[in-house]
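Visitor: Pasting a structure below so you can have a look.
Every read-out reported here was derived from the displayed coordinates using simple, explicitly stated rules and does not represent laboratory data. None of these values were measured; they are calculated from a predicted model. Neighbour counts run over all protein chains shown; Cβ positions are idealised from the backbone, glycine included.
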Amino acid sequence: MTYDLAFRFRRALQPDGLATIPTATQAVVDALQDARNAGIDPERDPAILLLARHLGRIAMGQACDATFPEDRELRLQCFARIDELRGKPALIALARRGVAYDLEAKRAFHRESRAALQMAARQLGFLPDDYDLRNTMAGPAVSGEITLHADTLYIQVSISVMGQGREVLFRQCRGRRDYVGDRNQFCDIAVLADPVKFAARVRRDTGLAFEPRQAELV
């Protein structure tokens, strides 16, 4: 699976949260894996090079929020990569990559999932007051859950331990206090990333009738 993630470039540009050798080391490891998955030579990736420099400086006792003029070219390359990736959904990449033991990636997964659920809700014809949107971070070893709960529909996003293709659970329900509902249905995270396709899947598998609010989708 080939993908790229803008947040590794953002992390390299703002590494002040990587204040210890273990956290900075893990950031380099994560960036190496992301680059390999994207088919990019790690030794030529500006985010990896910046993060590796940051790790060395932390090891020497330098401030984690310091900036250095010799990093200018690498920083410009990171900004350019962020611009290239802007608008490309990170949700699929995050789900494939996994977010265990990576708080920044986990936060990004929750943020992207909420945005995807809101887009799906509009495509299904829901107004903001028609549903509750909540998330549970849970422990560091798991992704946590992001849930949209309407009067007739329950959708939950998480990175499943059952493997790829079951990241999105959805089912009919009978009110916003119904946490059991009808039969669980599952689909791949890539389906949710396409709100039109996801809405069609929900209609087909639940038998519920939804109409998109065209004015909301413009």
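Visitor: Once you have a ≥ b ≥ c as the square roots of the Cα gyration tensor eigenvalues for segment 163-212, tell me rounded if a/c is under 1.5, and otherwise prolate or oblate according to whether a/b is larger than b/c.
Guide: oblate
Visitor: Then there's this: Can you tally the net charge around C173? Count Lys and Arg as +1, Asp and Glu as -1, for every other residue whose Cβ sits under 12 Å from the Cβ of C173.
Guide: +1
Visitor: Pull up all non-local amide H partners of A150: gap of 5 or more, or a different chain, and H-to-H distance under 5 Å with H placed in the peptide plane.
Guide: D132, I155
Visitor: Students often get this wrong, so try it: which of (1) 10.8; (2) 14.9; (3) 13.3 is mean projected area of the Cα convex hull in nm² as calculated from the structure shown?
Guide: (3)
Visitor: Further question: Starting from the Cα gyration tensor of segment 77-160, take the square roots of the eigenvalues, sort them a ≥ b ≥ c, and report rounded, prolate or oblate (rounded when a/c is under 1.5, otherwise prolate if a/b is larger than b/c, else oblate).
Guide: oblate
Visitor: Go ahead and run the numbers for FRET between D188 and I82, Cβ-Cβ distance against an R0 of 30 Å, rounding to 0.05.
Guide: Rounded to the nearest 0.05, the efficiency is 0.70.
Visitor: Let a ≥ b ≥ c be the square roots of the eigenvalues of the Cα gyration tensor of segment 89-218; is it rounded (a/c under 1.5), or, if not, prolate (a/b larger than b/c) or oblate?
Guide: It is prolate, given that a/c is not under 1.5 and a/b is the larger ratio.
Visitor: ³J(HN,Hα) across segment 73-79 via Karplus (A = 6.51, B = -1.76, C = 1.60, θ = phi - 60°), whole Hz, x for Gly/Pro?
Guide: So the Karplus estimates, Gly and Pro as x, are 5, 5, 5, 4, 5, 5, 4 Hz.
Visitor: Under the definition of Cα pairs under 8 Å and six or more residues apart, what whole-number percent is the relative contact order of the chain?
Guide: Dividing the mean separation by the residue count of the chain yields 16 percent.
Visitor: Can you work out ³J(HN,Hα) from phi for every residue in segment 98-106, in order, using Karplus 6.51 cos²θ - 1.76 cosθ + 1.60 and θ = phi - 60°, giving whole Hz and x for Gly and Pro?
Guide: Result, ordered by residue: x, 10, 4, 6, 9, 4, 5, 5, 5 Hz.
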